[in-house]
1. Can you tell which of GLN363, GLN300 is assigned to a helix (DSSP H, G or I), more than 16 Å from ligand 2 (Cβ to nearest atom) and assigned by TED's automatic domain parsing to the domain that holds ILE235?
2. Pick from ARG296, ARG305, ARG338: which is closer than 28 Å to GLU193 by Cβ, charged (D, E, K, R) and touching a strand residue (DSSP E or B) at 6+ places or on another chain (Cβ under 9 Å)?
3. Scan the stretch 243-259 and give yes if some residue there is more than 20 Å from LEU380 (Cβ to Cβ), away from ligand 2 (no atom under 12 Å from the Cβ) and part of a loop (DSSP other than H, G, I, E, B), otherwise no.
4. Let me confirm something: among ILE339, ILE327, which residue is within 16 Å of ligand 2 (Cβ to nearest atom), assigned to a loop (DSSP other than H, G, I, E, B) and under 29 Å from GLY270 (Cβ atoms)?
5. Somewhere in the stretch 200-213, is a residue modelled with pLDDT of 90 or more and within 16 Å of ligand 2 (Cβ to nearest atom)?
6. Is one or more of the residues making up the stretch 333-352 assigned by TED's automatic domain parsing to the domain that holds LEU279, over 13 Å from LEU254 (Cβ atoms) and surrounded by fewer than 17 Cβ atoms within 10 Å (Cβ to Cβ)?
7. Answer with yes or no whether ASN232 is assigned to a helix (DSSP H, G or I), at pLDDT below 95 and in contact with a helix residue (DSSP H, G or I) (Cβ under 9 Å, 6 or more places away or on another chain).
8. Can you pull out every residue in the stretch 278-292 that is in a loop (DSSP other than H, G, I, E, B) and over 25 Å from the mean Cα position of the chain (by Cα)?
Amino acid sequence: MAILDRERVARAADQVISLIEVARKRARMYPLHHPSVHDIVLKLLHAVEEILEFRSVASFNITQEEIFLDEIPLTKSTLTHADFVKTCTSNAMNTLTFRTGVTEGEITKLVQLLSDRAGNGDATSPLSMQEKLTESGVENIEAGTLVSSSELSLLRGFRSPEEEEAKRCRDQALELVWETYQNLFSGRVIDYESVELTAQSLVRGLLADRNVYRRLADIKDYHNYTFNHVVNVAILSLLLGADLGLTAEQLNDLGVAALLHDVGKLSVPGELLRKPGDLSDEEWHIMRQHPVEGARILLQQCGYRNIGVTVAFEHHAHYDLSGYPAIAPARKLHLFSRIVSLSDVYDALTSDRSYRAGMMPDQAALIILSARGKDFDPALVKHFMRSVGVYPRDCAVLLTNGELAIVEEPNPDDPLRPKVCLPHSGNKILDLRETQVGIRKCVDTGRTGMSPEQNDPVQTARTQPPL
Ligand SMILES: [Fe+2]
Ligand SMILES: [Fe+2]
């Protein structure tokens, strides 16, 4: 094959990957016949046909990190590339093959299956992707599977249907945040309706089972920090908002504002967001612009009545107004800004960053408690400790008697003394409110590979305030 033809095929193949991801994400938000899905399906069909001009079969081979079109390694296009690998992995696929004659209907079916709940890690679905394609009458697309369908259900774990549904809502929120940032980055408008729908589904799920969402807020992803951070901040804010007794409608607004709180980071260069070491004065100046930039973007796109504008503007201002941007002393921060600000710092402290390892929940709680009245609203800190817990469920802890335990259930009225499970004493459950034994510290050592100095919470909070 001539070099130019090979380049053309590789370019079309890259396009196929990103179009599959865009189509899959849109199909989760809109019906398949909606123009925003249909247009992408047509573009996808054209990109596949472009490859098939040069070969009768186009086979994408997926490994853990690489994607090849037959023998051609494809360029890594960061997030989209990684998302496609994730999509294939969650559907236990290691090849995706298109044959000459593939139709628009078949591509639509593929998009539907890849975006379907049943096609994405659903433990209750016994069929492999190939079996689903065959069952749907698709003849010109094939999915090579890593394992047989009977092995698949074993590998997919044993999450409860509630946890599966909550995880799906979280994934959907993650995709929405990704798409919102992509839209803004390319000068397009925010799909505000989708942001609202996503916030509503998080609120619905959370009100049905808060425990599941408490665990979800602890999912961290170092490589996709910004997007995961935003979703975690939304979940933590909703947990706190629900504990404060906000109505479902108020929680929906809070969810939207939390999902959009960091859009101003688009104005900060990526290298700066990921920079390991201390920032120079000039770099801090740029970083500190993001609340104003975020408010400006949201004001332009959503209007001044939108609570997202206020929250984006105020989320680093601090309870005593000592943060940034400078705010007139007579003014009090909006309740939603105070909630998001607290969740924002908690998630930033407990996440791994390029300059330090994520802290244990109790260390982060210590920092937040010590800053109440200054950075944070003291009344909200109390509720936050109750709703999120100093020692979240499943956290490994060392007790004052030297025994290791796993937190079974936080006690909302006494966050420092949860119920714990003692694995070395026949999984006995101990309510720490009813004993002299207390918790010395969290000991989830698998969380970080960094040195004790890098893990010193007070030191790291001092040198690198969370953004
Ligand atoms: Fe943030
Ligand atoms: Fe921020």
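1. Values: GLN363 fails: assigned by TED's automatic domain parsing to the domain that holds ILE235.
Residue meeting the stated conditions: GLN300.
2. Checking each option against the conditions leaves just ARG338.
3. Looking through the stretch 243-259, none of the residues is more than 20 Å from LEU380 (Cβ to Cβ), away from ligand 2 (no atom under 12 Å from the Cβ) and part of a loop (DSSP other than H, G, I, E, B).
4. Numbers: ILE339 fails: assigned to a loop (DSSP other than H, G, I, E, B).
Answer to the selection: ILE327.
5. Checked against the condition, which is being modelled with pLDDT of 90 or more and within 16 Å of ligand 2 (Cβ to nearest atom), the stretch 200-213 yields no hits at all.
6. There is no residue in the stretch 333-352 that is assigned by TED's automatic domain parsing to the domain that holds LEU279, over 13 Å from LEU254 (Cβ atoms) and surrounded by fewer than 17 Cβ atoms within 10 Å (Cβ to Cβ).
7. yes
8. So the first thing to find is which residues in the stretch 278-292 are in a loop (DSSP other than H, G, I, E, B), and the list is 278-280, 288-289.
Within the stretch 278-292, ASP278, LEU279, SER280 qualify.
The values are calculated or read from the model by the stated rules, or taken from the named source; none is laboratory data. Please read all numbers here as calculations on a predicted model, not as lab measurements. All Cβ positions, glycine included, derive from the backbone under ideal geometry; neighbour counts span all protein chains shown.
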